[in-house]
Structure formats: structure tokens, C-alpha cells
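Reviewing the structure listed below.
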């Protein structure tokens, strides 16, 4: 098992919270993490997999009697969004006996869109998002280039066969489109249209969202397109990076950028199978940008918020890390040997009054320019500089 960085956080949470929920995309390792978590508990454990018809039928028949009979156990309920009616019952059981580590839930949708979860369990549950395996979590034997190419889902990351990895990705995407998304959000849509949307998101990865244009290309309205993006974001497939804007007296770009959350999925959709394919692909720079942003998002936990910054006058910053209105770092992301900093980035630094400024590249480096911009590799940034941005 690959040691996940959130495990100590969850262990601490179960010492005080009656319920902990692990949320994240399908196949990201939630069940494995929940079972590993249960191994660390000093109490018996009951595991209920709601993907299994027998388990679903058992808990549906007499849910209160069934769960109450295991009051001294830690009850793991896997894929809890399959049974939204259980949330009010969990609230009642917790309120009757508010002990730590009573329930561990896993879910493949954000709590805001898990019907009944956010209201019923408010104040009783700690949510923890499990992302694909990050660069800071890599086991020995897997380097940055391999991780960037394959992405962070545990199975394709560790598969040796390219053919098997491609088959896994095809099955993963097809299952998400044809089964998981309709089940998660109780909606119907054209699987052909949704697959085209995934393809278009791959080709526009890292671009500013133009909902009307994207909707027209799919023959759907901009409103419908935004609803589809809501589903994909709530299912942890994409991330919309919002713009950073404060009252600077400047004309700012205010639409989000859209990134796929995993470069393995991105590269499959772009038909990138090998490192050579990646290095020769026109989307190389966008892929690297998305990879860097995702790794920083995964490693920063919840200390900082992530944005991009762009003005109509040409100031541009790929990633802004901030706490409220207080900018902690401005980051430009480059792939290549050139150390030249764009004028737009310098304008951004001046606008944002940022004191910590970085260029992140795949090259092993760590030096400060005379202009006060530090050129650094992603690995060094994650280990050395990100923890200091408080």
C-alpha cells in the first residue's frame, strides 16, 4: 500500500469526531485508506459496501436496528451516496451516543451534492478529500516523469504494461460517463455528448472557460454546459481555478480556468502513451502547468487558496497562493530551459505586491534572481518552500 499523507490527519480526527468522511474520485484509493484506517483503531470494525446488492439490501431493510446493533463498532460505509436516506439516521445515532470513531464514510461526490449529507451531518463529521497520489506521496521506484505521464490513480500509476494501462483508462472513463455520473447525481444526459466534453476539456486544459463557445461546439446551451461542469467538479474529475481579483482599479479577467484533475486521464484523452509522445505534443506546456498546479493543490492541504491572475492590460500569473486578500506567493510555471520571466509576470508581482515569487520548472534548480524571483524545481518547491507559506 502507498502511504497517503492524509492518514495521520484522519487518525487524529477519529480521536475526537464521531464521523469522518473520505471523499474523492472513483478508484482513487478511498476504500483502501478506510480499511487501513480501521486497522489503526482499538475497536471492532464493521464494513458495509453499498456497491454490493446484498449489503445495500441488508442495511435498507431495517437500517436503524441493523446499525444500532453495532453501536460498539466503528462502522465503515463505502460509497455512502448510494443511500442518501441513511444520513438523517446517522445524525440521530450520533446524537444519541456521541462517541469518537463511530462511523467512517466514503463517497465519490462532494458533500454539497450528496443529498442530505451537508445538512444532516453538519457539526458531526469531518470531511477529508483524497486526491490522486501526489508527487509528495510517491513510493520509491516511481519518478516525477513517470508520475506526470501516468497520473496519480494507484492502479495505472503502478501498472507496468502500457496496453493494460490504456485499457484501464478506457474502462474508467466509460464507466464514469455511462454509469457513475448518472448514479451520483440522478441525472440523464447523452453519453456521446459527455464523452465529447471530456475530449474538449482535454484539448482546452488550462484555458479560460468560455461556456457559450464550448456549449455551441457540443450543441448545448452555456447553462447546460456549466451544469455538466458542476457534475464533473463535484465528482472530482475537473478543477476550476478561479481568478484572483481585488479592487486594484484594473480590468481583470474573471472567468475560471479549467483543468483535468489527473494528467493520466488528460494524456489518455490526448492519445499520449509514452514520454516521447508527451515531449513532442503541442499540449506539453499546458500539461506541465496543470500537473504543477494539481501537485501544489494536493500538497498544500487547506492552508492556502489557489487562484490565477490576469488583466486585460497583459499582467498574468499562472498561480496565486493566498489567504484571504493576502497574497503569499506568485508563481509562473515553465517547461524548458529558458529562465526568462515574462513582462506580464513582473506586472502581476507589482499589482499583487507579492514578496514570494517563483518560476517552477522540471529542472533541478534552486536560485534567486537579482529581480527577486526564485527559479526552482517542483520537487524542491513542495518540500522546501510550500511549507513556509503560512
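When residue 328 is tested against (1) closer than 29 Å to residue 279 by Cβ; (2) part of a strand (DSSP E or B), just one condition goes unmet, and that condition is (1). Scanning the stretch 7-42 for residues that are surrounded by fewer than 14 Cβ atoms within 10 Å (Cβ to Cβ) and modelled with pLDDT under 90 turns up 39, 40, 42. Scanning the stretch 369-387 for residues that are touching a residue at least 24 places away in the same chain (Cβ under 8 Å) and over 20 Å from the mean Cα position of the chain (by Cα) returns 369, 371, 373, 375, 385.
Does residue 276 satisfy the condition of being assigned to a helix (DSSP H, G or I), over 23 Å from the mean Cα position of the chain (by Cα) and modelled with pLDDT of 95 or more? Yes; evaluated as a whole, the condition is true for this residue. Exactly one residue among 59, 94, 48 is at negative phi, at pLDDT 90 or above, in a strand (DSSP E or B) and surrounded by 14 or more Cβ atoms within 10 Å (Cβ to Cβ), and that residue is 48. Residues of the stretch 30-61 that are closer than 29 Å to residue 157 by Cβ, in contact (Cβ under 8 Å) with a residue 40 or more places away in the chain and in contact with a strand residue (DSSP E or B) (Cβ under 9 Å, 6 or more places away or on another chain): 30, 31, 33, 34, 35, 37, 38, 41. Restricting 349, 359, 296 to residues that are outside any loop (DSSP other than H, G, I, E, B) and within 30 Å of residue 166 (Cβ to Cβ) narrows the list to 296.
Residues of the stretch 325-368 that are farther than 23 Å from residue 290 by Cβ and touching a residue at least 60 places away in the same chain (Cβ under 8 Å): 325, 351. Residues in the stretch 169-191 that are without any contact (Cβ under 8 Å) to a residue 12 or more places away in the chain, surrounded by 12 or more Cβ atoms within 10 Å (Cβ to Cβ) and either in a loop (DSSP other than H, G, I, E, B) or in contact with a helix residue (DSSP H, G or I) (Cβ under 7 Å, 6 or more places away or on another chain) (or both): 190 only.
To keep it simple, each residue is scored yes or no on (1) within 23 Å of residue 297 (Cα to Cα); (2) without any contact (Cβ under 8 Å) to a residue 40 or more places away in the chain; (3) assigned by TED's automatic domain parsing to the domain that holds residue 178; (4) within 16 Å of the chain's Cα centre (by Cα).
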{"position": "208", "(1), (2), (3), (4)": "yes, no, yes, no"}
{"position": "212", "(1), (2), (3), (4)": "no, yes, yes, no"}
{"position": "215", "(1), (2), (3), (4)": "no, yes, yes, no"}
{"position": "227", "(1), (2), (3), (4)": "no, yes, yes, no"}
{"position": "242", "(1), (2), (3), (4)": "yes, no, yes, yes"}
{"position": "262", "(1), (2), (3), (4)": "yes, no, yes, yes"}
{"position": "268", "(1), (2), (3), (4)": "yes, no, yes, no"}
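Contact map, the stretch 1-28: residues that are under 16 Å from residue 136 (Cβ atoms) paired with residues that are part of a loop (DSSP other than H, G, I, E, B) and modelled with pLDDT under 90, Cβ distance under 6 Å, separation 6+ or inter-chain. Pairs shown: 2/139.
Just one of the listed residues (166, 94) is in contact (Cβ under 8 Å) with a residue 60 or more places away in the chain, over 18 Å from residue 231 (Cα atoms), more than 20 Å from the chain's Cα centre (by Cα) and not assigned by TED's automatic domain parsing to the domain that holds residue 53, and it is 166. Tell me, please, whether a residue that is in contact with a helix residue (DSSP H, G or I) (Cβ under 9 Å, 6 or more places away or on another chain) and under 30 Å from residue 158 (Cα atoms) can be found in the stretch 62-71. Checked the stretch 62-71: no residue is in contact with a helix residue (DSSP H, G or I) (Cβ under 9 Å, 6 or more places away or on another chain) and under 30 Å from residue 158 (Cα atoms). All of (1) part of a helix (DSSP H, G or I); (2) within 16 Å of the chain's Cα centre (by Cα); (3) surrounded by 22 or more Cβ atoms within 10 Å (Cβ to Cβ) hold for residue 136 with one exception: (3).
The values are calculated or read from the model by the stated rules, or taken from the named source; none is laboratory data. Remember, it's a predicted structure, so these values are computed and weren't measured experimentally. Using ideal geometry, Cβ is built from the backbone for each residue, glycine included, and neighbour counts are taken over all protein chains shown.
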